[in-house]
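One structure is given below, encoded as structure tokens.
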Amino acid sequence: MNITLDKIHLDLKVNWKLSRNQTTFKENFIVNLEANGRKFQSEIAPNIRYGETHESILKQFEEWKKITDYTLESLNENLHHSLRFGLESVLLSHMAHQKGQTLSQFLGLSPWVKKETSFSMPIIPMGEIQEYIEKIRRFHHLKIKVNAETATDMLLEVAKYTDAKLRVDGNEAWTNFDDFMRFQEKVGHLNIEMMEQPFPSSCVDEYKKLKPISRFELLADESIEDVGDFNELSRQFHSINIKLMKTGSLIRAKEFIDQARAHNMKTMLGCMIETSIGISYGMLFSGMVDYLDLDGYLLIKDEPFRLMKEEEGFLSFNS
């Protein structure tokens, strides 16, 4: 058995601007496991918010290869989340193949289903909003990236051109509770489906104060990584966004879904900007979660692997 990483450059269709950074391209790693004439692939999408860089990914990978016995137990908690996911997923794929099972069967997941995904709009100039929305009218759920300064104007402008349900992604943009409450009042009449992570994850008291009076479903993103205290999370949020690159594990993602359900929380399966290789692993959970936000591969120019199919906003596997 041998595992290698290939760095891949991915140009994006738009300038991907969030409240904390922006980029016109993404560089990920494709993970290749070869054993007994078979090849299994996964993906690593580093995220700088969690201290992941291409250099640190490669350093950790080389150190892991020196000591690994290619078992799941070798994937310790000190590895970057995205690296741990990339390695675990190819190892699990290989193990499932050895058992003559699909990965979904091996993990005990519900069968995947064709399901709607949201499509994301980054922070863009006001004058470009109408044109952007015209190109994505087939999607009935839009995720709108916002910052605290322009969120109200952006959402009011978006609402002029679409009847889609809006998933507002704050990316921890607000730091003042009263400022957020004023924003909420101004947009409360819009077709907003949920509000994702308006405050930094450290603002626990603000979330506990907000949840009982929020006009919208509150969705945790940055507040849950590869560990989650669901007693605490359920006091702050109505639902959680599980990203495999952040959770670091398919096994743990399934555990999170089960724990969320036990705490009467809804679940979304989200993603980073990934190719259809990474997205295909997320799609395995489509029959177990309430929402999908798996548009990462749709933001890439000339996505190279074409493992996924999107029709009128619904995702399925390419046959």
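The values are calculated or read from the model by the stated rules, or taken from the named source; none is laboratory data. Everything numeric here is computed off the predicted structure, so don't read it as measured data. A quick note on method: Cβ atoms are made from the backbone with ideal geometry, for glycine too, and the neighbour counts reach across all protein chains shown.
So the values come out like this:
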{"item": "Any chance residue 67 is at pLDDT below 90, more than 25 Å from residue 136 (Cα to Cα) and more than 21 Å from the chain's Cα centre (by Cα)", "result": "yes"}
{"item": "Residue 144 vs. criteria surrounded by 17 or more Cβ atoms within 10 Å (Cβ to Cβ), more than 30 Å from residue 288 (Cα to Cα) and within 20 Å of the chain's Cα centre (by Cα)", "result": "no"}
{"item": "Selection status of residue 153, touching a residue at least 24 places away in the same chain (Cβ under 8 Å) and not in a helix (DSSP H, G or I)", "result": "no"}
{"item": "Those residues of the stretch 72-105 which are of a type in the set (Asp, Glu) and free of Cβ contacts under 8 Å to residues at least 40 places away in the same chain, in sequence order", "result": "73"}
{"item": "So residue 294, is it in contact with a Gly (Cβ under 9 Å, 6 or more places away or on another chain), surrounded by 22 or more Cβ atoms within 10 Å (Cβ to Cβ) and aliphatic (A, V, I, L, M)", "result": "yes"}
{"item": "Residues of the stretch 36-86 that turn out to be closer than 12 Å to residue 248 by Cα and either of a type in the set (D, E, K, R) or touching a Phe, Trp or Tyr at 6+ places or on another chain (Cβ under 9 Å) (or both), as a count", "result": "15"}
{"item": "Matching residues in the stretch 211-264 - criterion: being buried (at least 21 other Cβ atoms within 10 Å of the Cβ) and touching a residue at least 60 places away in the same chain (Cβ under 8 Å)", "result": "244, 245, 246, 247, 248, 250"}
{"item": "Evaluation of residue 147 against (1) assigned to a strand (DSSP E or B); (2) farther than 27 Å from residue 264 by Cα (one fails), failing number", "result": "(1)"}
{"item": "Enumeration of residues in the stretch 209-231 that are closer than 17 Å to residue 258 by Cβ and part of a helix (DSSP H, G or I)", "result": "230, 231"}
{"item": "Positions within the stretch 254-285 being within 12 Å of the chain's Cα centre (by Cα) and either assigned by TED's automatic domain parsing to the domain that holds residue 47 or assigned to a helix (DSSP H, G or I) (or both), in sequence order", "result": "278, 279, 281, 282, 283"}
{"item": "Single residue of 265, 288 found to be hydrophobic (A, V, I, L, M, F, W, C) and touching a Lys or Arg at 6+ places or on another chain (Cβ under 9 Å)", "result": "288"}
{"item": "Scan of the stretch 58-71 for residues that are in contact (Cβ under 8 Å) with a residue 40 or more places away in the chain and within 20 Å of residue 246 (Cβ to Cβ), ordered by number", "result": "58, 61"}
{"item": "Lone qualifier among 145, 208 - being touching a residue at least 60 places away in the same chain (Cβ under 8 Å) and assigned by TED's automatic domain parsing to the domain that holds residue 121", "result": "145"}
